[in-house]
């Protein structure tokens with residue numbers, strides 16, 4: 001049973017699993033088997049699930065079920081799909097080193113901003129020209145930082161970004177080519193580049209792949225509790241989850257649980273400080289956790 005902790009909705013995940021603990025405790029004399037509740041830290045940027053497995057927290061566990069809130073789905077619904085549901089993802093941090101100078105004399109400087117711009121544009125060709133159009137991959141630069149004055153060419157520029165794919169092969173290919181493209185583009189402009197995939201801090205997340213039998217089990221439980229129309233086929237997404245590490249080791253099912261309520265704030269999404277959780281979802285999530293676990297034993 002997995003409760004994924006991440007801002008700003010970690011309280012909802014933890015509360016649902018605490019509710020499941022209370023329900024399971026009330027049935028403890030009837031439970032034949034072992035149920036572990038995973039209050040896992042470090043989903044964002046720390047691959048907490050990887051470390052849980054590495055430290056043996058889930059040794060001898062045969063199946064795992066996880067819930068994640070979905071503010072685009074109404075309260076009272078859940079959704080998932082068999083097979084791949086979420087992409088694998090890695091991160092990169094880049095420093096491009098040039099030679100600073102005055103804007104009036106660009107020929108005496110080596111411009112890392114120009115090199116960074118060329119590198120960012122070239123990265124998009126990894127998707128548009130090197131990826132099968134039917135194979136989902138994404139490269140995004142989400143941070144660029146360099147310079148402090150309008151008339152000064154800086155010494156360095158920093159970039160940060162992510163790369164995503166539905167396959168391990170795709171992730172490996174993108175990682176290799178990201179490094180090559182950035183280093184070559186920096187060189188074209190007379191600069192050098194340091195590319196760090198932050199492997200010591202965060203292992204790249206593999207794709208989240210639901211076990212078909214475990215998915216069907218959780219789906220059947222959901223239909224019993226919520227009604228068949230309220231269990232949706234969830235589309236594949238390029239979002240990523242470290243729950244994926246569990247899916248590599250055991251039969252796993254990862255489901256989304258709706259939190260949308262039109263009378264509250266219908267337009268907030270993950271990572272928004274304005275996200276509003278309809279608390280009606282909490283007993284639903286608790287019941288799902290408990291029912292999936294008990295009926296699986």
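Every number here is computed from the coordinates shown, using simple stated rules; none is lab data. Because the structure is a prediction, the values reported are computed rather than measured. Note that each Cβ is placed from the backbone with ideal geometry, even for glycine, and that neighbours are counted across all protein chains shown.
When each pair of different Cα atoms in the chain is counted once in the 1/r mean, what is the Kirkwood radius in angstroms, to one decimal?
On the way: mean 1/r = 0.0473 Å⁻¹.
After inverting the pairwise mean of 1/r, the radius is 21.2 Å.
Just from its helices, what would the mean residue ellipticity at 222 nm be for the chain, if runs of 4 or more DSSP H residues each count -39500 (n - 2.57) and the sum is divided by every residue, rounded to the nearest 500 deg cm²/dmol? Before the final figure, lay out each step's value.
Values: 8 runs with 101 residues, N = 297.
One gets -10500 deg cm²/dmol as the mean residue ellipticity at 222 nm.
What percent do you get for the relative contact order of segment 88-196 when only Cα pairs under 8 Å and 6+ apart count?
Computed over segment 88-196, the figure is 42 percent.
Could you work out how far the C-alpha centroid of segment 57-80 sits from that of segment 243-264, in angstrom?
Here the two parts' Cα centres lie 3 Å apart.
At a Förster radius of 45 Å, what calculated FRET efficiency corresponds to the Cβ-Cβ distance of residue 250 and residue 97, to the nearest 0.05?
That pair, residue 250 with residue 97, gives E of 0.50.
I'd like the distance between the alpha-carbon centres of segment 113-130 and segment 170-212, rounded to an integer number of Å.
When both Cα centres are located, 13 Å separates them.
If segment 160-228 were replaced by its equivalent ellipsoid, with semi-axes equal to the square roots of 5 times the Cα gyration tensor eigenvalues, what would those be, largest first, whole Å?
Output for segment 160-228: semi-axes of 42, 11, 10 Å.
For the chain, take the longest principal axis of its alpha carbons; what is the angle in degrees between that and the long axis of helix 10-26, to the nearest 10 within 0 to 90?
For helix 10-26, the angle is close to 20 degrees.
On full extension of the chain, what length is gained from residue 238 through residue 22, given 0.36 nm per residue of separation minus the C-alpha to C-alpha distance?
That works out to 74.3 nm of additional length.
Arrange the following residues from fewest to most other Cβ atoms within 10 Å of their Cβ: 244, 28, 168.
So the ranking, lowest neighbour count to highest, is 28, 168, 244.
Nearest 10 degrees, 0 to 90: what angle lies between the long axis of helix 168-188 and the longest principal axis of the chain (Cα atoms)?
The angle comes out at about 20 degrees.
How large is the Kirkwood hydrodynamic radius of segment 185-297, counting all unique pairs of alpha carbons, in Å? Show your work: numbers first, answer last.
On the way: mean 1/r = 0.0572 Å⁻¹.
Taking every pair of different Cα atoms in segment 185-297, averaging 1/r and inverting gives 17.5 Å.
So for 131, 167, fewest C-beta neighbours within 10 Å to most, what's the order?
167, 131
At a Förster radius of 35 Å, what calculated FRET efficiency corresponds to the Cβ-Cβ distance of residue 158 and residue 51, to the nearest 0.05?
Step by step, r from the Cβ atoms, then E = 0.80.
Rg over Rh of segment 88-196, using C-alpha atoms and the Kirkwood radius, what does it come to?
When Rh is taken as the Kirkwood radius, the ratio is 1.04.
Apply the a/c threshold of 1.5 to the C-alpha gyration tensor of segment 24-96 and tell me whether it is rounded, prolate or oblate.
It is oblate, given that a/c is not under 1.5 and a/b is not larger than b/c.
Report relative contact order for the chain in percent, whole number only (criteria: Cα-Cα under 8 Å, sequence separation at least 6). If you can, show how the numbers build up before the last one.
On the way: 628 pairs, mean separation 98.5, N = 297.
Rounded, it is 33 percent for the chain.
What is the calculated FRET efficiency for residue 168 to residue 62, with r their C-beta to C-beta distance and R₀ = 22 Å, to the nearest 0.05?
0.40
Using a basic spin-label model with each label point 7 Å from the Cα along Cα→Cβ, how many nm lie between residue 108 and residue 228?
7.9 nm
Let me know the Rg and Dmax you get for segment 133-197 when you use only its Cα atoms, in Å.
Computed over the Cα atoms of segment 133-197, radius of gyration and Dmax are 14.4, 45 Å.
Pulled fully out, how much extra length does the chain show between residue 279 and residue 187, if you take 0.36 nm times their separation in residues and subtract their Cα-Cα distance?
Contour length minus Cα-Cα distance gives 27.7 nm.
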